[in-house]
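Below is one structure, written out as structure tokens; comments come after it.
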Amino acid sequence: MRTLPIGKAVFGTAVVIFLMAPLFAILPLAFTDSIFLNYPIPDFSFRWFHELFTANAWRRSILNSLLIGTGTTILATVLGTVASLGLRGNSASLLFSVFRTVFLLPMVVPAVVLGVGMQLMFAQYGLANTYVGVIIAHTVIAIPFVIVNVTAALQGIDRRLENAAASLGASPAVVLRQVTLPLAMPGIVSGAVFAFATSLDEVVLTLFVAGPNQRTVARQMFSTIRENISPAIAAAAFLFIVGTIVIAGLILLAQKKGQRA
Amino acid sequence: MSDALIHFDKVSKTFGIMTVVDDLDLSIGKGEFVSMLGPSGSGKTTLLMMLAGFESPTSGTISVGGKRVDALPPHKRNMGVVFQNYALFPHMSVADNVAFPLKMRGASRSEIVERVTKALDMVQLGAFHERRPIQLSGGQQQRVALARALVFEPEVVLMDEPLGALDKKLREQMQMDIRDIHHRLGLTIVFVTHDQTEALTMSDRIAIFNHGKIEQIGGPSDIYDHPKTQFVAEFIGETNLLSGKVSSASNGLLTVTLEGGQSIRVASAAALEPGKHVKISVRPERIELRSSGEGQNELKVKISDIVYHGDHLQIQADTGSRSLVIKAPRNVVTSQIGQEVVASFSPEQCWIVS
């Protein structure tokens, strides 16, 4: 089936505009010198970026996001990779398909439901309003991204490579360290980047489990837009978008490296 | 065999309800080159994987040098394995691939450098140390895999259809190289293949696999000239199968009446009862075509097709009840399609198969 090239181009452009327009609408506002978040922009200025990095609430939220994002990335990547290794090659077993489904469940369960459950549970174990609690909450929803990426990478590894290593004298631990993990690394890196992005972006669970001390950038933007509509939000959004582009670039790079290997 | 190195004793392997290797006994001598030949699914690769330790037998024992190995994990078996797809580590250089087994054995850095250099020189890849496997051709990758499997001087080298992915010319070159290395290093090699020519040219002995059992084992000429069963006769080379009934037996010669009514004589060590149904295998190159009869073991045939093969002609000839394939040197055949001639073969060059 062939569509007319012109039709394809028009439709493609329309979709891109639909997806990107909100971004382009907010971005210029990051550079306004007005105190209102609206057009027209009176003059060009970096004052809201300055505000972002000096105002206590914003600065703390940026540090919190980095801290929680890093913690989530490490925890989710380690757990997700171990889970993928464990689930590998047992596709036929019923028990393992149940496990696989459970691990991927946080992708489809509404965050609100998870949030309520976690709040109740964390309160009981003294994890409510703690960094550890927020990191655990973010890890739960980040793990599926790691598992999906790492599982795909592991499926691409020829088992005979591992057999060859074993026949050459490598114990199972050495095979894992020197053959399996290096070959799965592009998938592990993509998974880690997705985990970080998920944590950065997460608002709903954070609302439920984080206290005032664990306010992340996303959470701070959410409350700012309700309390005082400041162009600092646009500046934060600008940072987010730039960050996302960098992250997407990293993923592409990791995948490209994976194809070459 | 008294100096047998590898022993399979009543080894079976089942996957679910499928019996892949069926109560199999096999001994392989030190320094022997044994090929396991058979159609896919005949159990040859599974047997090799059990010897390497990637599969464990459902029952029976495997021993190497008098020690049972069937419970040992692969990394403690000290066998070099060459895989069909080479299985080179894509994230390591050629030199690191070959150094891998030495590192696993804790060799010193200088020793590793020396032995890797020697191994790569042996397979004529001395200039490729720092290349990645992906930058090499199929034949070069295969030689790296060979160097990697030999560099730690294992007693036994296992090869799982190592030449399957190479083109014909390269394959023949590698066959000669592997044979040469086998002779020079005195290795014991177990070689799995489904290519009969490969097995015939390389092996000391060939084991023909069928349905998880060894149908026949013996030297290449044994297997080719004296196949014991119809399966072996048809699997190795081409053959003509004639069926008939024994009419008399004397002095190691059987007289057999063929389905078409003609009688032929077959040399046979086994004295078979008259009246017994037998199958006779005759290789296409053992049959001669003559314009007129002059002796025994002659079948009147009509030539139905002649195919030019360069070094020989392949002739289809019709006996009336069945079709014969004949391989003839091209300078001795003057026959035309449609011509009626006589096909003959001596009693010693046909063989009773079961």
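The values are calculated or read from the model by the stated rules, or taken from the named source; none is laboratory data. From a predicted model like this one, the values you see are computed outputs, not experimental measurements. All Cβ positions, glycine included, derive from the backbone under ideal geometry; neighbour counts span all protein chains shown.
A compact table of results
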read-out: Residue in region A:67-81 that is exposed (fewer than 14 other Cβ atoms within 10 Å of the Cβ) and over 30 Å from A:PHE96 (Cα atoms) present; value: no
read-out: Residues of region B:107-136 satisfying the condition of being modelled with pLDDT under 90 and of a type in the set (S, T, N, Q); value: B:GLN124
read-out: B:GLY138 being on the phi > 0 side of the Ramachandran plot, assigned by TED's automatic domain parsing to the domain that holds B:ASP177 and not β-branched (Val, Ile, Thr); value: no
read-out: Condition broken by A:ASN64, with the remaining ones in (1) assigned to a loop (DSSP other than H, G, I, E, B); (2) of a type in the set (S, T, N, Q); (3) under 18 Å from the mean Cα position of the chain (by Cα) satisfied; value: (1)
read-out: Matching residues, region A:215-251, being modelled with pLDDT of 85 or more and of a type in the set (Lys, Arg); value: A:ARG215, A:ARG219
read-out: Residue match in region A:88-97 (condition: closer than 26 Å to A:VAL209 by Cα and either in a helix (DSSP H, G or I) or among the hydroxyl-bearing types (Ser, Thr, Tyr) (or both)); value: no
read-out: Options B:ALA107, B:ALA99, B:ALA95; residue that is part of a helix (DSSP H, G or I), assigned by TED's automatic domain parsing to the domain that holds B:SER221, touching a Phe, Trp or Tyr at 6+ places or on another chain (Cβ under 9 Å) and among the small types (Gly, Ala, Ser); value: B:ALA95
read-out: 1 or more residues of a type outside the set (Ser, Thr, Tyr), within 23 Å of A:ILE157 (Cα to Cα) and away from chain A (no Cβ under 13 Å): qualifying strands (runs of 3 or more DSSP E) within region B:28-86; value: none
read-out: The one condition in (1) aliphatic (A, V, I, L, M); (2) buried (at least 16 other Cβ atoms within 10 Å of the Cβ); (3) within 11 Å of another protein chain (Cβ to nearest Cβ); (4) not in a loop (DSSP other than H, G, I, E, B) that A:LEU205 fails to fulfil; value: (3)
read-out: Neighbours by Cβ (under 6 Å, 6+ apart or cross-chain): first from region B:240-253, among the aromatic types (Phe, Trp, Tyr); second at pLDDT below 85; value: none
read-out: Residue among B:LYS44, B:LYS30 that alone is under 30 Å from A:VAL174 (Cα atoms), touching a residue at least 40 places away in the same chain (Cβ under 8 Å) and basic (Lys, Arg); value: B:LYS44
read-out: Residue satisfying all of: in region A:167-189; crowded, with 23+ Cβ neighbours inside 10 Å and in contact with a Lys or Arg (Cβ under 8 Å, 6 or more places away or on another chain); farthest from the other protein chains (Cβ to nearest Cβ) among these; value: A:PRO186
read-out: Among (1) within 14 Å of chain B (Cβ to nearest Cβ); (2) surrounded by 21 or more Cβ atoms within 10 Å (Cβ to Cβ) - the single one A:HIS138 does not satisfy; value: (1)
read-out: Members of region A:141-161 that are away from chain B (no Cβ under 11 Å) and either touching a His at 6+ places or on another chain (Cβ under 8 Å) or among the β-branched types (Val, Ile, Thr) (or both); value: A:ILE141, A:ILE143, A:VAL146, A:ILE147, A:VAL148, A:VAL150, A:THR151
read-out: So A:GLY126, is it more than 30 Å from B:GLY80 (Cβ to Cβ) and not basic (Lys, Arg); value: yes
read-out: From the options A:ALA192, A:ALA197, A:ALA210, A:ALA164, residue that is within 14 Å of chain B (Cβ to nearest Cβ) and among the small types (Gly, Ala, Ser); value: A:ALA164
read-out: Residue check, A:VAL109 within 26 Å of the chain's Cα centre (by Cα), among the β-branched types (Val, Ile, Thr), in a helix (DSSP H, G or I) and within 30 Å of A:LEU67 (Cβ to Cβ); value: no
read-out: Residue check, B:ASN240 at pLDDT 90 or above and either among the charged types (D, E, K, R) or surrounded by 14 or more Cβ atoms within 10 Å (Cβ to Cβ) (or both); value: no
read-out: Subset of region B:129-144 [within 20 Å of B:LYS168 (Cβ to Cβ) and either among the aromatic types (Phe, Trp, Tyr) or not in a loop (DSSP other than H, G, I, E, B) (or both)]; value: B:GLY138, B:GLY139, B:GLN140, B:GLN141, B:GLN142, B:ARG143
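Residue-wise test of (1) of a type in the set (Phe, Trp, Tyr); (2) modelled with pLDDT under 85; (3) part of a strand (DSSP E or B); (4) out of contact with any His (no Cβ under 6 Å at 6 or more places or on another chain).
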{"site": "B:ALA269", "(1), (2), (3), (4)": "no, yes, no, yes"}
{"site": "B:LEU299", "(1), (2), (3), (4)": "no, yes, yes, yes"}
{"site": "B:SER304", "(1), (2), (3), (4)": "no, no, yes, yes"}
{"site": "B:GLN316", "(1), (2), (3), (4)": "no, no, yes, yes"}
{"site": "B:VAL325", "(1), (2), (3), (4)": "no, no, yes, yes"}
